[in-house]
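A short write-up of the structure that comes next.
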Amino acid sequence: MIIDIVLREFIQAEHIAIITHIQPDGDAVGSCLALAEILKEIGKDADLFCQDRIPASLSFLAGTDQFKSETAGRMSYDLAIAVDCSDKERMGACAAVFDNAGNTINIDHHISNVFFANINLVDSNAAATGEIIYQLGKARLGKLSRQTAEALYTAISTDTGSFCFSSTTPQSYRIAAELMDCGIDIEHITNMLYKTNRVERMRLLGKALQSLELYENNQIAVLTITQDDLISTGAMESETENIVNYAKDIVGVKVGILLKETADGSVKASFRSNGGVDVGKLAAQFGGGGHRAASGASMQMSVPEAKSELLTAVQTALGEMIQ
Ligand code: 5GP
Ligand code: MN
């Protein structure tokens, strides 16, 4: 079994690097922290890498201060493990650590994963990478520590939209139940994740909602966040998380889009679908990726250009949809 192969590699390695994607989310951070804890219990210290800062909303998790940038670790590692990354580019500058390692493992749940490591533990049926890390921990240790369980619950809760997205499976709930048996405080985690909005974030949300545009008889909803919006509200980039759902959640909308202007004037786009359109494919047309119902892409063009290209692509996708 692939899980046994991966566990054998963990045991054989001496210096291990765990790397996750740029603009990390709850699944990225929770899965890395849980994996590091599991490795510690096997007697292995691992270094954690992420190009970007860990969102403040996740700082309640033990160990978030341990993430390093690509220049802060060892010269090279025996084993590098990419976590929640569908391709190497998702690691940003930290891909250098991956490339320098003697051996590589890719642990992920994206259907768009391109199997870029020596060993690829990819399960697109898993609602979160955290579910795969859970299986590894359980196979090796039996019961997980409370700290590991807290990180894994965070990973699964955030990637399933609090167990609401279509990616949620009976297995997601079974794992959550087993994590509760490890003694985690669900109310505390939920409060830390979803009920600690800074006022700056709320002001940014107000601006984003003001920007709402609807197309194709309200089937496409577009929200835009400019650099001006971020600067004038004082909100952080990571505080744009989940704003795209306000576009998706409008009655009649089939595709919700959030266009975020980046510091260099290009666009980071997020896509959410209510089922009919495969936004994973849509993102892939623009060099991005993700899942059927949630995806994203970095677009090297201005906001108006990105909007116009995306509208054309979504109109085509809606046309091809079986109504
Ligand atoms: P979000 O819109 O929340 O940034 O991302 C939604 C989903 O799409 C996540 O599963 C994320 O991993 C994926 N995703 C977002 N942006 C990109 C991208 O630029 N490239 C790839 N390959 N996947 C992305
Ligand atoms: Mn994920």
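The values are calculated or read from the model by the stated rules, or taken from the named source; none is laboratory data. Treat the numbers as computed from the prediction; the structure is a model and nothing was measured. Every residue, glycine as well, gets a Cβ built from its backbone with ideal geometry; the counts of neighbours run over all protein chains shown. These area figures cover heavy atoms from the full protein model, side chains too; ligands, DNA and RNA do not enter into them. Shrake-Rupley method; radii C 1.70, N 1.55, O 1.52, S 1.80 Å.
Taking the Cα centre of each part, how many Å lie between the range 1-75 and the range 248-317?
Measuring centre to centre over Cα atoms gives 29 Å.
Gain in length, residue 227 to residue 202, computed as 0.36 nm per residue apart minus the alpha-carbon separation, to one decimal in nm? Please report the intermediate quantities before stating the final value.
On the way: separation 25, 0.36 × 25 = 9.00 nm, distance 1.60 nm.
Contour length minus Cα-Cα distance gives 7.4 nm.
Leaving out ligands and nucleic acids, note down the accessible area per residue over the range 200-322 with a 1.4 angstrom probe, in whole Å².
Details: 5700 Å² over 123 residues.
I get 46 Å² per residue for the range 200-322.
Just the accessible area per residue of the range 2-194, please: how many Å² with a 1.4 Å probe?
42
How high is the relative contact order of the chain? Use alpha-carbon pairs under 8 Å, at least six apart in sequence, and give a whole percent.
Once divided by the residue count of the chain, the mean separation gives 12 percent.
Just from its helices, what would the mean residue ellipticity at 222 nm be for the chain, if runs of 4 or more DSSP H residues each count -39500 (n - 2.57) and the sum is divided by every residue, rounded to the nearest 500 deg cm²/dmol?
-12000 deg cm²/dmol
When a/c is below 1.5 the answer is rounded, else prolate if a/b is larger than b/c, else oblate, so apply that to the range 2-194 with a ≥ b ≥ c taken from the square roots of the Cα gyration tensor eigenvalues. Walk me through the intermediate numbers first.
Values: a/c = 1.44, a/b = 1.37, b/c = 1.05.
Since a/c stays below 1.5, the shape of the range 2-194 is classed as rounded.
For the range 150-192, give the percent of accessible area contributed by carbon and sulfur heavy atoms, probe 1.4 Å, rounded to a whole number.
C and S atoms contribute 55 percent here.
So what's the net charge close to residue 269: Lys and Arg +1, Asp and Glu -1, counting the other residues with Cβ under 12 Å from its Cβ?
My count for the surroundings of residue 269 gives +1.
Using a 1.4 Å probe on the protein heavy atoms, what percent of the accessible area of the range 200-322 belongs to carbon and sulfur?
Solvent-exposed carbon and sulfur of the range 200-322 make up 50 percent of the total.
Sorted from largest down, give the three principal axis spans of the alpha carbons of the chain, whole angstrom values.
If we take the Cα atoms of the chain, the spans are 57, 43, 40 Å.
How many Å³ per residue does the convex hull of the Cα positions in the range 150-276 occupy?
Spread over its residues, the Cα hull of the range 150-276 gives 120 Å³ apiece.
For the range 18-83, rounded, prolate or oblate, judged on the Cα gyration tensor with a ≥ b ≥ c (square roots of eigenvalues), a/c < 1.5 rounded, else prolate if a/b > b/c?
Since a/c reaches 1.5 but b/c is at least a/b, the shape of the range 18-83 is classed as oblate.
For the residue pair residue 217 and residue 320, what label-to-label distance in nm results when each label sits 7 Å from Cα along the Cα-to-beta-carbon direction?
Computed distance between label sites residue 217 and residue 320 equals 2.1 nm.
Tell me the net charge near residue 75. Cut-off is 15 Å between Cβ atoms, residue 75 excluded, with +1 for each Lys or Arg and -1 for each Asp or Glu.
Its environment carries a net charge of -3.
Which shape class, rounded, prolate or oblate, goes with the range 90-204 when its Cα gyration tensor gives a ≥ b ≥ c as root eigenvalues, a/c under 1.5 marks rounded, and past that a/b bigger than b/c marks prolate?
Oblate is the answer for the range 90-204, as a/c is 1.5 or above yet b/c matches or exceeds a/b.
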